[in-house]
Amino acid sequence: MEKSAGYLAKKLPFSNVLLKNVACFSPLLLKQPSSLQMIGAVVLNLPYCNSAETDDGVLREWRNYQKKEIPEEFYIQDKGQRADGTSYVKYKRVDDYWHKIMQLTDHRGEPK
């Protein structure tokens with residue numbers, strides 16, 4: 001995913017709607033109301049995904065995703081305090097995070 005984002009950043013202008021909205025895939029934006037609009041914009045700007053049925057399905061899934069309590073260990077690699085007293089957080093790669101999200105199942109063992 002990082003390589004894809006890098007490619008998009010090189011090839012698309014910073015004003016590109018798709019490039020602006022892929023930030024919704026950050027785990028830090030999970031609970032942000034704006035992430036729902038961002039994922040909607042992503043779907044609208046992807047070829048072959050732009051249909052009312054697809055858009056409704058993605059938005060429904062995104063709302064379900066926003067309701068989940070995701071453990072910090074899914075996206076935080078390390079956090080602590082430096083010797084000078086400042087705190088730090090080191091995040092995991094976004095593709096590692098999404099791999100874990102895609103492995104989640106419901107009480108019947110079905111993918112969420």
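Counting only residues that are over 19 Å from His99 (Cα atoms), among the aromatic types (Phe, Trp, Tyr) and at pLDDT 90 or above, region 1-45 holds 0 of them. Contact annotation: residue pairs with Cβ atoms under 8 Å, 6 or more positions apart or on different chains, pairing a residue in region 53-75 that is polar (S, T, N, Q) with a partner that is surrounded by 10 or more Cβ atoms within 10 Å (Cβ to Cβ) and in a helix (DSSP H, G or I), are Thr54/Val43; Gln66/Ser35; Gln66/Leu36.
Is there a residue being free of Cβ contacts under 8 Å to residues at least 40 places away in the same chain and within 24 Å of Gly6 (Cβ to Cβ) anywhere in region 104-112? No, region 104-112 has no match at all.
The values are calculated or read from the model by the stated rules, or taken from the named source; none is laboratory data. These numbers were taken from a predicted model, which means no experiment stands behind them. Neighbour counts run over all protein chains shown; Cβ positions are idealised from the backbone, glycine included.
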